[in-house]
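Working notes, beginning with the structure itself.
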Amino acid sequence: MKSSPHRPDESQYLNCIRCGLCLSVCPTYREYLSETASPRGRTALARKGLEGELELSPNLIEQMYSCFACMACNDACPVGIRPADLAVGMRQVQEQNQPAEWKQTLFGGLIPKPGRMELATLPLRLYEQLGLRRVLYTLGLRKVLPPRMRDMEAMLPRLPQRPLRQVLPEVTEAKGKNRNQVGFFLGCAQSLMFADESSATVRVLARNGSTVITPKETVCCGMPAAGYGRQDLVMEQAQHNIALYEQADVETIITDCATCGSTLKEYGHLLKNDPDWAERADVFSKKVRDVSEFLMSIPLEKPQGRIEARVTYHDPCHLRRGQGVWKQPREILKMIDGIDFIDLPEADWCCGSAGSQLITHYGTSLKVLGRKMDNLENSQAEYIASGCPGCQMQLNVGIRQRGLDVQVVHPIELLDRAYTQ
Amino acid sequence: MTPIIFAELEQITGKDGILHTPEDLAVYSYDGTFAEHRPDVVVLPRTTEQVSQIVKLAARERIPLVTRGMGSGLAAASVPFIGGITLSMTRMNRILEIDEANATVRTEAGVVTADLQTAVELVGLFYPPDPSSIRHSTIGGNIACNAGGPRCLKYGVTGDYVLGLTVVLADGRILNSGGKLIKDVVGYDLNALFTGSEGTLGIITEAILRLVAKPKFARTALVEFSALDDSSRTVNAILSAGIVPATIELMDETAIACIEESLHLGLPLDVEATLLIETDGTDEDCVLREIEAIAKICRDCGARQVKVAKSEAERSNLWKARRSVSPALARKAPNKLGEDITVPRTAIPEAIRQLKAVSVKYGLPIVIFGHAGDGNLHPNILFDKRDPEQWKKVEQMVAEEFEIALRLGGTLSGEHGVGALKRPYIGNALGEVSIDIQKRIKAALDPLNVLNPGKVLPD
């Protein structure tokens, strides 16, 4: 095996005592009940692969891709091993040994180019806007789609007419007395699919005294490339975004996407060995806040409106474990009069989205989602809030599969609604 | 192992019940120890009938068969050192019946112990055994190793809760022993025979377990001692006073330091030993009175400080500390070898002194913690297995640890079992007569030596 600069070093696996505690928190282990699908198993495979005892075979690499990177094992490990990070690190080793051309095209050529992404997703917006989607649903044609297609279709939220990037002003003035100026990092999925949510985020920030600066030239945070072993592309994207925000005069950079937030907060760590970028990346990462984290750190206006509904909350992995933010979104929801807040059992278990697992690991993803749906159904909630586009799409798949009457929302959407009612 | 055998196994369990890629075999090569050897195939049955068919096949073909649950064992009992079939029971994970009126639960072997506890607690019942691996070990594995845990001081070990078993024998026959009966003296006690047999006599597929009423209240105290001897005296003083706490857990200074380093709970770093003591019961006043009486005894015996947890959060932090000792040690060194020798509880101070002397003699750290109330100690040697020098020392140290235990009237293992790692020492512990009888039992139940060969008993 050729040596590579981004090989996980032995400290990432050496002290694994194989106690097995990670098995108890792993969503893929819980579904398959086999060691191969467990964090301890993946850690052993990574070690044996790196130390040459096993070949880095397609099946070994597949075990690294079958990890949902929900990071529950990272949190549980009493020794401090991070099996999920190791699995992602192994994908990187594979990309360096045998680069896949399509990944360059997708993660290098398409995803970090907002314009191309907007063009590529145009057919989806037309599908919504020309009424094709309504026709599909009213005529019951959805049912004739093969199940897998039907689930992909069900992932789509109500798509905006135009990507938010094209609509949102660069500067949104604070309402009332201006207290501060914040940057808003508009994520790809938020702009292309969940524009209403990010519009709500900006409104809520402005209402609470922030002038919101939204640089339009941001590129993808880098998470998709990281998940597919292209750390090199993540670094390029990070540098672009860091340089961009250095132009803006902001003390805080806010995002309403759990995934973007967790990646942006990692830039400092990611670039720590690059003398040109280490400090700049560190400064950038320290400014990043999830919107709920930021709102609960300022004197937040209590909404006057009421929302009479049973509401529950699902923790995005990238928010709870990626950023340690879990109290704040719940506190925001509980602040709204009329909301009957229900704790979702196993709220912090992965929903099975994990970025693209519904596409790449359809069967497992649906199994993991099934457990989430059982809990949701038992909770009898009318709304499930979750500040992550990936989770929201996945939850929508489950809800449509079961025909549940539950709305998937971003917590900030409910706050915005309570303000404006 | 021929393709025909793979095909036959596949016929029994279906395609998804058989694993044999190099990656699958590699991850089924270990348990909770450093020992490793690959099986030739992994089979994940879903019913007792399937297990029976698999065993018949193994017997016919003379293929060794090693049963395992979640692989958290600490004696390498489930490592397939001569290959063959590894039978993973994890997919037999249904709780079949909770009988509230008779306070019993009937369960398949692959149910995770913590899940079983949660399920019975929902109806106000309680399954007390609490090995540290409670969330990552199965009931079947717990029974096969007769697992213990801190609460055993008051409540007894796993075996004390086994009322009935379904066992697949080495010839594939299915044995049902016991039932929902508290009293049952008809014939030999086969439940007891299979409990702790580590997969060498039969394969436990189902169990009927006794449950008790759930204690409603618990009080926990962390007691600090400047001198280790005082802590040991305290244990005896408490038990002699007629109080039976649920737990009395000992942690030595190194153990405390390791936990504090990884968890930052504010534990004292300038003590020689601490005891973690818990009382529980259904009457709040009684539980409180007991912990107060214990606190007084501790102070009289020279405790420097007694801190009673004031809230559930404080209590759960203390237990978090205790449960994390073993893994926290792994931050110190790549490998650790934890034994679980047991001595009469009056011999604890002497055992600890002698263990510390072994550590000094070989120059490798031994961290000591354990269930002081029942004399069950966990001396853990910290080392790096990649260094052959160190590994040689560790082997000698382990032998000396066992000698200490036996010399003081104790034994090799209180709860981990013999497996492969303690097998070389079992002769000294049991003596010729006992070994002879046990070999005959094994030969009677498994004449072809198919079930977990090379474990527990010497050749």
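Is it fair to say residue B:238 is in contact (Cβ under 8 Å) with a residue 24 or more places away in the chain and either over 24 Å from residue B:345 (Cβ atoms) or touching a strand residue (DSSP E or B) at 6+ places or on another chain (Cβ under 9 Å) (or both)?
Numbers: in contact (Cβ under 8 Å) with a residue 24 or more places away in the chain: yes; either over 24 Å from residue B:345 (Cβ atoms) or touching a strand residue (DSSP E or B) at 6+ places or on another chain (Cβ under 9 Å) (or both): yes.
Considered against the rule, which asks whether it is in contact (Cβ under 8 Å) with a residue 24 or more places away in the chain and either over 24 Å from residue B:345 (Cβ atoms) or touching a strand residue (DSSP E or B) at 6+ places or on another chain (Cβ under 9 Å) (or both), residue B:238 comes out as yes.
Annotation for the range A:221-230: at least one member residue is within 21 Å of the chain's Cα centre (by Cα), open to solvent by 10 Å² or more (accessible area, probe 1.4 Å) and small (Gly, Ala, Ser). Residues in the range B:88-103 that are within 14 Å of another protein chain (Cβ to nearest Cβ) and among the polar types (S, T, N, Q) were compared, and the one that is surrounded by the fewest Cβ atoms within 10 Å (Cβ to Cβ) is B:93.
Going by what's in this entry, would residue B:446 be described as in contact (Cβ under 8 Å) with a residue 12 or more places away in the chain, closer than 29 Å to residue B:64 by Cβ and in contact with a Leu (Cβ under 9 Å, 6 or more places away or on another chain)? Before you say what the answer is, go through the steps one by one.
Values: in contact (Cβ under 8 Å) with a residue 12 or more places away in the chain: yes; closer than 29 Å to residue B:64 by Cβ: yes; in contact with a Leu (Cβ under 9 Å, 6 or more places away or on another chain): yes.
Taking the combined requirement at face value, the residue satisfies it.
One residue is enough: does the range A:34-54 have a residue meeting the conditions within 17 Å of residue A:361 (Cβ to Cβ) and in contact with a strand residue (DSSP E or B) (Cβ under 8 Å, 6 or more places away or on another chain)? So far as the range A:34-54 goes, yes, one or more of its residues are within 17 Å of residue A:361 (Cβ to Cβ) and in contact with a strand residue (DSSP E or B) (Cβ under 8 Å, 6 or more places away or on another chain). With respect to the conditions (1) crowded, with 19+ Cβ neighbours inside 10 Å; (2) in contact with a helix residue (DSSP H, G or I) (Cβ under 7 Å, 6 or more places away or on another chain), residue A:289 lacks only one, and its number is (2). Of the residues making up the range B:312-351, those that are touching a helix residue (DSSP H, G or I) at 6+ places or on another chain (Cβ under 7 Å), closer than 13 Å to residue B:262 by Cβ and open to solvent by less than 10 Å² (accessible area, probe 1.4 Å) number 4.
Does the range A:42-52 contain any residue that is open to solvent by 30 Å² or more (accessible area, probe 1.4 Å) and either part of a helix (DSSP H, G or I) or under 26 Å from residue A:390 (Cα atoms) (or both)? I'd like the intermediate steps shown before the answer.
The first filter runs over the range A:42-52 and keeps only residues open to solvent by 30 Å² or more (accessible area, probe 1.4 Å), leaving A:47, A:51-52.
If we keep only those that are either part of a helix (DSSP H, G or I) or under 26 Å from residue A:390 (Cα atoms) (or both) as well, we get A:47.
Looking for residues that are open to solvent by 30 Å² or more (accessible area, probe 1.4 Å) and either part of a helix (DSSP H, G or I) or under 26 Å from residue A:390 (Cα atoms) (or both), one finds at least one in the range A:42-52, hence yes.
Look at the range A:52-66: where a residue is within 11 Å of chain B (Cβ to nearest Cβ) and a partner is outside any helix (DSSP H, G or I) and β-branched (Val, Ile, Thr), sitting 6+ places away or on another chain with Cβ atoms under 7 Å, you get A:59/B:21. When residues in the range A:53-65 are screened for being open to solvent by 20 Å² or more (accessible area, probe 1.4 Å) and under 26 Å from the mean Cα position of the chain (by Cα), 3 of them pass.
One residue stands out in the range B:16-28 among those that are under 16 Å from residue A:59 (Cβ atoms) and more than 7 Å from chain A (Cβ to nearest Cβ): the one that is surrounded by the fewest Cβ atoms within 10 Å (Cβ to Cβ), namely B:16.
Scanning the range A:17-34 for residues that are more than 7 Å from chain B (Cβ to nearest Cβ), surrounded by fewer than 24 Cβ atoms within 10 Å (Cβ to Cβ) and either among the hydrophobic types (A, V, I, L, M, F, W, C) or without any contact (Cβ under 8 Å) to a residue 40 or more places away in the chain (or both) turns up just one, A:25.
Rundown of residues vs (1) crowded, with 17+ Cβ neighbours inside 10 Å; (2) under 17 Å from the mean Cα position of the chain (by Cα); (3) farther than 17 Å from residue A:219 by Cα, yes/no style:
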residue	(1), (2), (3)
A:240	no, no, no
A:243	no, no, no
A:249	no, no, yes
A:256	yes, yes, no
A:264	yes, yes, no
A:273	no, no, yes
A:277	yes, no, yes
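What do you reckon, is residue B:330 more than 28 Å from residue B:233 (Cβ to Cβ), within 14 Å of chain A (Cβ to nearest Cβ) and modelled with pLDDT under 90? Against the criterion (more than 28 Å from residue B:233 (Cβ to Cβ), within 14 Å of chain A (Cβ to nearest Cβ) and modelled with pLDDT under 90), residue B:330 qualifies. Taken together, B:367, B:360 contain a single residue that is open to solvent by 10 Å² or more (accessible area, probe 1.4 Å) and of a type in the set (A, V, I, L, M), which is B:360.
Scanning the range B:243-296 for residues that are under 30 Å from residue A:79 (Cα atoms), of a type in the set (A, V, I, L, M, F, W, C) and open to solvent by 60 Å² or more (accessible area, probe 1.4 Å) yields a single hit, B:269.
Among the residues of the range B:64-74, is there at least one that is surrounded by 24 or more Cβ atoms within 10 Å (Cβ to Cβ), within 11 Å of chain A (Cβ to nearest Cβ) and part of a strand (DSSP E or B)? I'd like the intermediate steps shown before the answer.
Going residue by residue through the range B:64-74, those that are surrounded by 24 or more Cβ atoms within 10 Å (Cβ to Cβ) are B:65-74.
Remaining after also requiring within 11 Å of chain A (Cβ to nearest Cβ): B:68-74.
After this cut, where a residue has to be part of a strand (DSSP E or B) as well, the list is B:68.
So far as the range B:64-74 goes, yes, one or more of its residues are surrounded by 24 or more Cβ atoms within 10 Å (Cβ to Cβ), within 11 Å of chain A (Cβ to nearest Cβ) and part of a strand (DSSP E or B).
Here is the figure for the range B:35-63: residues that are at negative phi, open to solvent by 20 Å² or more (accessible area, probe 1.4 Å) and in a loop (DSSP other than H, G, I, E, B) total 5. Residue-level check: of (1) part of a helix (DSSP H, G or I); (2) among the β-branched types (Val, Ile, Thr); (3) touching a residue at least 40 places away in the same chain (Cβ under 8 Å); (4) closer than 30 Å to residue B:235 by Cβ, residue B:441 misses just (4). Restricting the first member to the range B:318-339 and to residues that are in contact (Cβ under 8 Å) with a residue 60 or more places away in the chain, and the second to residues that are among the charged types (D, E, K, R) and not in a loop (DSSP other than H, G, I, E, B), the beta-carbon pairs closer than 6 Å and six or more apart or on different chains are B:322/B:249; B:329/B:336; B:339/B:401.
The values are calculated or read from the model by the stated rules, or taken from the named source; none is laboratory data. Fair warning: this is a prediction, and the values are worked out from it, not measured in the lab. So basically every Cβ, Gly included, is an ideal-geometry build from the backbone, and we count neighbours across all protein chains shown. Surface areas here come from the heavy atoms of the whole protein model, side chains and all, with no ligands, DNA or RNA. Shrake-Rupley method; radii C 1.70, N 1.55, O 1.52, S 1.80 Å.
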